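Shown next, in structure tokens, is the structure this report addresses.
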Amino acid sequence: MEKRMAAATASASYRLLNQKNHTSKRFLDHRRLVTNSSEVHRSSSSSRGFMHHCGTAPLKNFLARFPWDLQKSSLIHIQNLPGIQHRTFGSATSTIIQRNPLFSTINHDDIIYFENKLGMKNVIQDEEELQTANTDWMHKYKGSSKLMLLPENTDQLSQILKYCNSRCLAVVPQGGNTGLVGGSVPVFDEVIINTRRMNNIISFDEVSGVLVCEAGCILENLMSFLDKQGFIMPLDLGAKGSCQIGGNVSTNAGGLRLVRYGSLHGTVLGLEVVLANGNVIDMLGTLRKDNTGYDLKHLFIGSEGSLGIITKVSILTPPKLSSVNIAFLACQDYISCQKLLFQAKRRLGEILSAFEFLDAQAMNLVLHHLDSVRNPLPSSIYNFYVLIETTGSNESDDKEKVEGFLVDAMESGLVSDGAIAQDLNQASSFWQIREGIPEALQKAGAVYKYDLSIPVEKMYDLVEEMRIRLGGKANVVGYGHLGDGNLHLNVSAPQYDDAILGEIEPFVYEWTSKQRGSISAEHGLGLMKAEKIYYSKSTATVELMASMKKMLDPNGILNPYKVIPQSLLS
């Protein structure tokens, strides 16, 4: 049955083939854009059962180059050293982090207090549940907290922080725990404050498109709610099925739509935040314009819970548009990808909503490790792939724009091959390739992940230089948000190896710094890169950050050991 359905899907798909007898006229005569395009959207990365229309590409050459056990599972990347310190493999020279001796430890009286305030069901001491909360998504960082609290509203969270501050109990705010830099799990025995019970939608204004909700709302649930109202979230991530909006804002998550809708600094209109001493700061405005004094919400967007815990969010949501087109294209070299982006911005203009790229190594990993994924362009393995999405309100005008853009791209040689989604299944299958890369990397073994902002013309130079440095020791993979200059550099190996890490770091940070890039484009600094902040920020800037931290959290209880170098806070 599945084979018949897949074959039917294949026959419906339109392919762009760069053949000698393929003329612009034939392309225009046979061109079909997405049918029922108002329903095309990306499905959750956790969803399964998509039907795909092409076979798997050959993997012989790839597997021959990397003959290790690609099924080997990832290893936990932080080791507990008894007593007072952690060794982290986040740098070439392993960093020893000392537990702050001023922090208290949980006792029986603390448990009684929290049970009285929250109820027993919201005070978690179960070892199995704590093990999950102590470990990050990549199984790379692991804390040893003995307590997780689940506040149900702002007042409860305020009481928790007021008490913890008075007792000098360190805390770590946690949402969906989908972070990649160790920012959402304890380093030692910090109390975990998880916001998943604070998941109410407070209001939605259909005229302005302003949504107000609690921090624990799962991103995909918000997307589903807005879809019924005829709106969309300005933010879209592969982890949308698990991540929470409070965590998204706390890390200033970028995602797949930033090229169209900008960052959360532009779309978040207001916040409610609880400070370390329990004070509730109401900045939950819903106005597009408000120049009365300092716009303090921006301090907390991207601060990773180190200055306060976000409890409510007011965000501007765009209307859902009816015309959606998705193309999956192949390019022979990176310069063609750059030129294609240049042309897309000018030819597609305001309807361009996503421009993603991945290299052949990323494509091979996805095809090898994710059973449900098929190659839309099975005739060959190309060096680069680009996924382009457009979203507009006029189907005929959008069709004309996309059609003209693709014809010119084929005729000029920028695109070697391509496929255009014809229905919801195909659109989802294209996106599953791009969104499935992190999962495929995780299944391949150990992975060193770097989230970098680099000038577009220089982005792939780093990938190529890293391959030269590592030789055959590891598989270097490059993909990311080409539309906004965000490279996800991943180094995949059979297991974590200090020798490999020594080749990667500090080279990757030094290289990025020389390009005046950022060592954290959208994932945050967390524990992994707190000590590396100077590669992207000046000493004076970091010292000012530290002074703000000391002012808002003088006892240092909020997400300690993260974001700011410890030497500035001790």
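The values are calculated or read from the model by the stated rules, or taken from the named source; none is laboratory data. In this text the structure is predicted, and so the values were computed from the model without any measurement. When we count neighbours, we look across all protein chains shown, and the Cβ atoms used for this are built from the backbone with ideal geometry, even at glycine. What goes into the accessible areas is simple: the full protein's heavy atoms, side chains included, and nothing from ligands, DNA or RNA. Shrake-Rupley method; radii C 1.70, N 1.55, O 1.52, S 1.80 Å.
Look at the alpha carbon pairs under 8 Å that are at least 6 residues apart: their mean separation over the length of region 197-280 gives a relative contact order of 22 percent. Once both labels are positioned 7 Å from their Cα atoms along Cα-to-Cβ, the gap between D126 and R469 label points is 4.4 nm. Heavy-atom accessible area for K562, with the other protein chains in place and a 1.4 Å probe, reaches approximately 10 Å².
Taking 19 Å as the straight-line reach from the Cα of K339, the lysines in range (excluding those fewer than 8 positions away in the same chain) are K401, K458.
Computed from the C-beta positions of Q229 and D109 and an R0 of 45 Å, the FRET efficiency is 0.45 to the nearest 0.05. Our analysis of region 402-478 gives Rg over Rh at 1.05, with the two radii drawn from alpha carbon positions and Rh computed by the Kirkwood formula. Largest accessible area first, the residues M198, M283 order themselves as M283, M198 under a 1.4 Å probe with ligands, DNA and RNA left out.
Along the axis of the charge dipole computed for region 493-555 (Cβ charges of +1 for Lys and Arg, -1 for Asp and Glu, origin at the Cα centre), the listed residues A530, I500, A540 are led at the positive end by A540.
For W137, the solvent-accessible surface computed with a 1.4 Å probe is close to 100 Å², ligands and nucleic acids excluded.
The mean sequence separation of alpha-carbon pairs under 8 Å and at least six residues apart, normalised by the residue count of region 304-403, gives a relative contact order of 45 percent.
Taking packing as the residue-averaged number of other Cβ atoms within 10 angstrom, the listed peptides 395-407, 315-327, 462-474 run from highest to lowest as 315-327, 395-407, 462-474.
With an 8 Å Cα cut-off and a minimum separation of 6 or more residues, compute the relative contact order for region 510-562 in percent. This gives 36 percent for region 510-562. Taken about its Cα centre, region 308-467 carries a charge dipole of about 420 debye when Lys and Arg each add +1 at the Cβ and Asp and Glu each add -1 at the Cβ. Place a point 7 Å from Cα of I202 in the direction of its Cβ. Which residues in region 214-229 have their backbone N less than 11 Å from it? Zone members listed by number: 214-215. Qualifying chymotrypsin sites (Phe, Trp or Tyr not before Pro) in region 288-383, where qualification requires a DSSP coil assignment and no more than 13 other C-beta atoms within 10 Å, comprise Y294.
Between S393 and E457, the simple label model (points 7 Å from Cα in the Cβ direction) yields a spacing of 3.7 nm.
Here region 139-237 is treated with +1 on each Lys and Arg Cβ and -1 on each Asp and Glu Cβ, and its dipole about the Cα centre works out to around 560 debye.
Pairs spanning more than 32 Å between alpha-carbon atoms, out of K473/K549; K162/K449; K473/K514: K473/K549; K162/K449.
Projecting the Cα positions of I96, H139, Q125 onto the charge dipole of region 94-148 (unit charges on Cβ atoms of Lys, Arg, Asp and Glu, taken about the Cα centre) puts I96 furthest along the positive direction.
Tell me the accessible surface of K537 in square angstrom (1.4 angstrom probe, heavy atoms of protein chains only), to the nearest ten. Looks like 100 Å² after rounding. Placing +1 on the Cβ of every Lys and Arg and -1 on the Cβ of every Asp and Glu, with no other charges, gives region 438-533 a dipole of roughly 20 debye about its Cα centre. Could you tell me which of rounded, prolate or oblate describes region 438-496, using a ≥ b ≥ c as the square roots of the eigenvalues of the alpha-carbon gyration tensor, with rounded for a/c under 1.5 and, failing that, prolate when a/b is larger than b/c and oblate otherwise? Since a/c reaches 1.5 but b/c is at least a/b, the shape of region 438-496 is classed as oblate.
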